[in-house]
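Structure first, then comments.
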Amino acid sequence: MRRCKLFIAILLLLVLISPLHIYAKWHLTTFSHGVIYTLLNVTYIPHDYKRNVWEGMITSTRPRHIPSFRHKYKGYYDVLVSSTNVDENDNEFVASIMCESGEKLLFNSKDIRATEFYRENNDELRLGSYLVEETSDSFNGCTINLQPHDYSGTLFLRFVKQTHW
């Protein structure tokens with residue numbers, strides 16, 4: 001009788017845990033908030049969860065046109081600017097994204113610079129975040145403009161899925 005209970009418990013664990021990656025991917029694609037979403041976001045994420053949505057070099061002299069970039073998961077995405085010496089407190093960056101599909105986003109580093117908590121590392125600064133409620137191609141024909149104030153050099157901009165850690 002004891003072996004039967006142990007066998008049933010092991011079988012139940014295998015049935016519940018083995019499809020966890022399938023369930024986690026579905027849940028993170030379908031929902032953007034909630035207790036289960038937060039628990040999965042902290043404990044178990046798919047291998048492509050933190051993959052960059054888009055990353056590229058931006059020059060301040062002309063805007064960059066992107067045909068489209070797709071958000072695979074719902075939730076918040078971070079906008080990060082990176083280069084050498086972006087960690088100096090007197091540098092200010094303004095990024096604007098305008099898409100043919102109607103999406104308009106504006107980020108300013110002075111709005112988020114209230115604390116050093118938002119710094120990813122010494123060469124990367126978080127400009128802000130935005131919420132994606134639909135995982136379709138809602139960002140089509142986008143023009144990205146990054147305007148540094150009192151900064152010269154090459155800048156890189158990237159969009160990455162925000163996690164709780």
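Listed by first and then second residue, the pairs linking a residue in region 23-34 that is closer than 15 Å to Leu131 by Cβ and not assigned by TED's automatic domain parsing to the domain that holds Thr163 to a residue that is in a helix (DSSP H, G or I) and modelled with pLDDT of 80 or more, with Cβ atoms under 6 Å apart and 6 or more places separating them unless they lie on different chains, are Phe31/Tyr37. The residues in region 81-110 that are at pLDDT below 80 and crowded, with 17+ Cβ neighbours inside 10 Å can be counted, and the count is 4.
Once region 1-34 is narrowed to residues that are touching a strand residue (DSSP E or B) at 6+ places or on another chain (Cβ under 9 Å) and in a loop (DSSP other than H, G, I, E, B), the residue that is surrounded by the fewest Cβ atoms within 10 Å (Cβ to Cβ) is His33.
Answer with yes or no whether Arg113 is farther than 21 Å from Arg51 by Cα, at pLDDT below 85 and among the basic types (Lys, Arg). Full working, then the answer.
Values: farther than 21 Å from Arg51 by Cα: yes; at pLDDT below 85: yes; among the basic types (Lys, Arg): yes.
The answer is yes for Arg113.
Exactly one residue among Tyr44, Tyr37 is under 15 Å from Thr163 (Cβ atoms), surrounded by 13 or more Cβ atoms within 10 Å (Cβ to Cβ), among the aromatic types (Phe, Trp, Tyr) and modelled with pLDDT under 80, and that residue is Tyr44.
The values are calculated or read from the model by the stated rules, or taken from the named source; none is laboratory data. Quantities reported herein were computed from a predicted structural model and do not represent experimental measurements. Positions of Cβ are backbone-derived with ideal geometry, glycine not excepted, and every protein chain shown enters the neighbour counts.
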